[in-house]
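A short reminder: the numbers here are calculations on the coordinates, not readings from a lab. On a predicted model such as this, the values are computed, not experimentally measured, just so you know. As a convention, Cβ positions derive from the backbone with ideal geometry for all residues, glycine included, and neighbour counts pool all protein chains shown.
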Amino acid sequence: MLHDEVVSRVRHMLMEGEIPPGARVPERDLCLTLGISRTPLREALKVLAAEGYVVLLPNRGARAAKLTQKDVQDLFEVCESLEAAAGELACQRISDGQVQRIAGLHEEMVSHYRNRDLPQYYRCNRAIHEAIVEAADNAVLASLYESVTSRIRRARFVAPMPPTHWELAVQEHEAILNALQRRDGVGLSHILRRHLRHKRQEVERAGFAESAEDAQPQTRRMRRAASA
């Protein structure tokens, strides 16, 4: 297995929560699963540590990184700007077929909302946001978006929502679809910014980020590992 493939496979496991935040990376099991030795796995972990996905522990392997409250703030601020830009560009470039596809995803998402099926709701929700970025037709924006959103994807699309907050999220998605159908780029940009701010609050409220005080030992380890 090539180095880049090893990095990609382990990164996916971390992003999807197969290796939960804070958990030790099971190197022996990963070697067996991927059919590789410890050396290429540890080289991959160095890359993932530089990307912020894992923390290297001196002589003790690695752990999946936890997001700090500052991480969540910084990542959502950037994601908010990227989605707002994508919304404006999408309204200029989106095809009728792409709008119809997003409308179909929205209808399916609302059906899952009515059935209180949160995992399937989030599946459609994520597909809608990614479809808007795709419709922007800007490769640089898409690459930046993937890099940023991959860090918060699991928290963003699994965080529990109280009924009133879930209802608000659906209303915001109604407004997102309406703005797309009208090709209102400025309006869509504002809606997406507000929508991402509310989602950040949900993620913070759900406890997906640790405080700065709790993160200090981890931060010191990351700095030592980065300078090694």
Under a 5 Å amide H to amide H cut-off, with H placed in plane at 1.01 Å, what residues pair with Glu210 once short-range neighbours are removed?
Leu67, Thr68, Gln69
GNM result for the chain, Cα springs below 10 Å: residue of Gly187, Gly35, Gly17 fluctuating most strongly
Gly35
Shape call, region 144-189: gyration tensor on alpha carbons, a/c limit 1.5:
oblate
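Taking 0.36 nm per residue of separation and subtracting the Cα-Cα distance, what length does fully extending Arg193 through Arg24 add?
Gain on stretching Arg193 to Arg24: 57.3 nm.
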Just going by the charge dipole of region 112-172, with Lys and Arg at +1 and Asp and Glu at -1 on Cβ, which of Pro163, Leu144, Ala127 is farthest out on the positive end?
Pro163
Counting only Cα atoms, I'd like the Rg/Rh figure for the chain, Kirkwood definition for Rh.
1.01
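What is region 17-58 by shape, rounded, prolate or oblate, if you read a ≥ b ≥ c off the alpha carbon gyration tensor as root eigenvalues and call it rounded for a/c under 1.5, prolate for a/b larger than b/c, and oblate otherwise? It would help to have the intermediate numbers written out before the result.
Details: a/c = 1.89, a/b = 1.26, b/c = 1.51.
Note, shape of region 17-58 comes out oblate.
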Pairwise label distance in nanometres, Leu34 with Ala50, each label 7 Å out on the Cα-Cβ vector:
1.5 nm
Shape category assigned to region 138-216 from the gyration tensor of Cα positions, a/c cut at 1.5
oblate
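Helix-only estimate, please: 222 nm mean residue ellipticity of the chain, summing -39500 (n - 2.57) across DSSP H runs of length 4 or more and dividing by its residues, to the nearest 500. Don't skip to the end; give the middle numbers.
On the way: 10 runs with 172 residues, N = 228.
So the helix-based figure for the chain works out to -25500 deg cm²/dmol.
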Positive-end extreme of charge dipole, the chain - chosen from Ala64, Ile191, Cys79 (charges on Cβ):
Ala64
Among the lysines, select those whose C-alpha is under 27 Å from the C-alpha of Lys46, and discard any that sit fewer than 8 residues away in the same chain.
Lys66, Lys70
Placing each pseudo-label 7 Å from Cα in the direction of the beta carbon, Asp4 and Arg114 end up separated by a distance in nanometres of 4.5 nm
Under the Karplus relation with 6.51, -1.76 and 1.60 and θ = phi - 60°, whole-Hz ³J(HN,Hα) for region 60-73, x at Gly and Pro, equal 9, x, 8, 10, 5, 5, 9, 6, 8, 4, 5, 4, 4, 4
